[in-house]
Each structure stands twice: as structure tokens, then as C-alpha cells.
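Below is one structure, written out as C-alpha cells; the observations come after it.
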Amino acid sequence: MSQVSDTTHAVRLDGKVVAGHLLASLRDSLQSVIKSSQRAPKLVVVQVGEDPASSVYVKNKIKTAQSLGMASEHRHLPESISEQALFAELDQLNQNPSIDAVLVQMPLPKHLDALSVIDRLGASKDVDGFHPVHLGNLVCGNPGGVLPCTPAGIMQILEHYRIPVEGKHAVVIGRSNIVGKPLSLMLLQGNATVTIAHSRTRNLSELTRSADILVAAVGVADLVTGDMVKPGAVVIDVGMNKKDGKLVGDIDQAAVGTVAGYLTPVPGGVGPMTIAMLMKNTWTLYQQHILQV
Ligand code: GUN
């Protein structure tokens, strides 16, 4: 006799599918530009050092750009590079009119300060949307700018699956400049009530259990367990952690999958959206540069 399970499973929020739609539409736009013999957009990815996870991400970014017909370049610089030499490299990229978009892969080696590096790059080629000008636009709710890729990708997933944000309690665990802070602003812009939790937050479980939308972006494997989630909640897993040789998120996927209403998988959730949004931002910067010429 077959057993019938009495547990339901969360709807899978498939980032690969959403990214696929976005990339297909970008590919169409690029093809028409290339057909009209304009130059293709160009993305340069700067990697400093040998962080193995960064190497994988950078490779995927370059591969995706090439698959769309964009020009791309990987500048791999030594771990020991001085701030002065890195700045000289960024100045050169900035002055090159055939380059639209520059990404400096994070994290940087300890002797380099990320904020100074982003500042030196400047806003007009900052494809990550990390520059204070882009973040200022986000704070002010100024539309049409370059938004940080991972949080913008999460908002696209919610939109694609028609998950309303307005009036919902969103709890974001993590306050990084790359994900937690900008995502909280985007959710606020969507009229959610937003709580940001972090390493000093007290009674985390109590807070997470009150979340209609729960996002974990801290880099701690399986931090969020089933008992920390409100039944039916929308749960977004931004984590990319190695555990026993396997890629796992910040959410205990098996346990939370039986409690949540919606859940992004790892891999195949937020990750593909980050890359797709990077391509979209490259396209946006390209259009801004082309219009200025
Ligand atoms: N490291 C992890 N995520 C990102 C990202 O979105 N952009 C950059 N530049 N580095 C990262």
C-alpha cells in the first residue's frame, strides 16, 4: 500500500525560469542593436585574487554576457595588488569609451577598502549599483537607475510569481550593502513593513515567525529552521554556503519546505537572477552611454 504524505510542500520560486525570460528579452534587444551595426555593450569583470567562489561567479558572468552577444573581458589581478595600482586600472577602464559596465567582484582582499574602490570606479560604469549615487537614488525612490543585482533579482522573482509585497511584514536577515540594506529599501518602496535583523538582533525566531516574507542573506548554512517560519510564508534563500562538499543556502530547505508557502531553491533560486540583473544593468548603462554620444 502506498503511503500518502500529510505534509504539503512550498511552491518553488524558480529563479532559472524568471532569469530565462529576462535573458531572452535582452538577447532580442541585443540582436537588433548588432543587426543595425552599432557596437555591442561591453562588460568588464575585475577579479582581485584567487577566492574560489569568486572565480566560479566571475566565469558564469562572463559566459552569460557572451551567450547574449555582449562584448566582455575578465581582468584578473594579483591578490597583492596595491590600492594605487587598482585605482590606475579603474581609471583606465573609466576613460575607455568602448566599455559600458565594470564590476569589481567582492569580496576584495583585506588590504583593499571596498567603499573606496567603488567610489573610484564612479557611478557611470558601476554595473553593480553599489555607488552612493545609485544607492542614493534607491533611498529617494528615484526610478530608472542601476539597482544592486541580487535584491533587484529577488524583487523580480516576487513580481513574476505575482506575490504582493504591499502591507506585508518582510523580515530581512542580514544588513550587507550588497543584499540586506538595498533589498530592505526595495521592499519598503513596495510598501512592505520591513524589519532588518542581524547578528545582534534579539529573539530572532520570534521575529521571523511574524514574517509574511522572510529573506535570509547572511551566509550561515541552514540558519533558518522550520520552527522559525510562519506557515504559508514566502521564504527567500540568498545563501550560498558549502556544507559537506555541497552547496546549501541559509535556509534549511527540507524543513522549511514543509512549512512555507513559497520558497526559492539553492541552487536555482536567487543565484541565476543576480546574473540576469547584471546583464540588464549592463544594457541600461550601454543605453545611457549610447544616448550621450
Ligand atoms: N559578490 C557577491 N555578490 C556580488 C555582486 O552582486 N557583485 C559583486 N561585485 N560582487 C559580489
Worksheet item: Within the chain, what's the longest stretch lacking GluC sites (Glu not before Pro) that sit in DSSP loops with no more than 11 other Cβ atoms inside 10 Å?
Response: 167-293
Worksheet item: How much mean residue ellipticity at 222 nm does the chain get from its helices, if each DSSP H run of length 4 or more adds -39500 (n - 2.57) and you divide by all residues, to the nearest 500 deg cm²/dmol?
Response: -13000 deg cm²/dmol
Item to complete: Could you please state, rounded to a whole Å, how far the C-alpha centre of region 199-255 is from the C-alpha centre of region 37-104?
Response: 32
Worksheet item: Taking only Cα atoms, what is the 0 to 90° angle, nearest 10, from helix 15-35's long axis to the longest principal axis of the chain?
Response: 20
Worksheet item: Counting Lys and Arg as +1 and Asp and Glu as -1, each charge on the Cβ, what is the dipole of region 40-125 about the Cα centre in debye, to the nearest 20?
Response: 340
Worksheet item: At 4 °C and 1.567 mPa s, what whole-number value in µm²/s does Stokes-Einstein give for the translational diffusion of region 148-268, with Rh from the Kirkwood sum over Cα pairs?
Response: 93
Worksheet, complete the sentence: Heavy-atom accessible area with a 1.4 angstrom probe orders LYS59, LYS42, LYS181, LYS35, most exposed first, as LYS35, LYS59, LYS181, LYS42
Discussion item. Limiting things to C-alpha atoms, what are the Rg and the maximum Cα-Cα separation (Dmax) for the chain, in angstroms?
Written reply: 19.7, 72
Practice prompt. Taking the Cα centre of the chain as origin, work out the dipole magnitude from +1 charges on Lys and Arg Cβ and -1 charges on Asp and Glu Cβ, in debye rounded to 20.
Written response: 420
Worksheet item: Given the options ILE236, ILE178, ILE213, which has the most mean-square fluctuation in a GNM of the chain, springs set between C-alpha atoms less than 10 angstrom apart?
Response: ILE178
Fill in: Estimated dipole of region 159-219 in Debye, rounded to 20 [Cβ of Lys and Arg +1, of Asp and Glu -1, Cα centre]
220
Worksheet item: How large, in percent, is the carbon and sulfur part of the accessible surface of region 40-125 at a probe radius of 1.4 Å?
Response: 53
Worksheet entry | Distance (nanometres) between label positions extended 7 Å along Cα→Cβ at HIS74 and ASP227 | 4.5
Item to complete: Name the shape class, rounded, prolate or oblate, that the alpha-carbon gyration tensor gives for region 40-125, where a ≥ b ≥ c are the square roots of its eigenvalues, rounded holds for a/c under 1.5, and otherwise prolate holds if a/b is larger than b/c and oblate otherwise.
Response: oblate
Discussion item. For the chain, what does the accessible surface come to per residue with a 1.4 Å probe? Please give it in Å².
Written reply: 49
Practice prompt. Along Cα→Cβ, 7 Å out, is where each label goes; now give me the distance between the ones at HIS9 and ALA53 in nm to one decimal.
Written response: 2.7
Worksheet item: Taking the Cα centre of region 40-125 as the origin and placing charges on Cβ (Lys, Arg +1; Asp, Glu -1), which of LEU93, SER124, ALA40 is farthest toward the positive end of the dipole?
Response: ALA40
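The values are calculated or read from the model by the stated rules, or taken from the named source; none is laboratory data. Bear in mind that the values here come from a model prediction, so they are computed numbers and not experimental data. For neighbour counting, all protein chains shown are included, and Cβ atoms are generated from backbone atoms with ideal geometry for every residue, glycine included. Side chains are part of the model used for accessible areas, which takes the heavy atoms of the whole protein and leaves out ligands, DNA and RNA. Shrake-Rupley method; radii C 1.70, N 1.55, O 1.52, S 1.80 Å.
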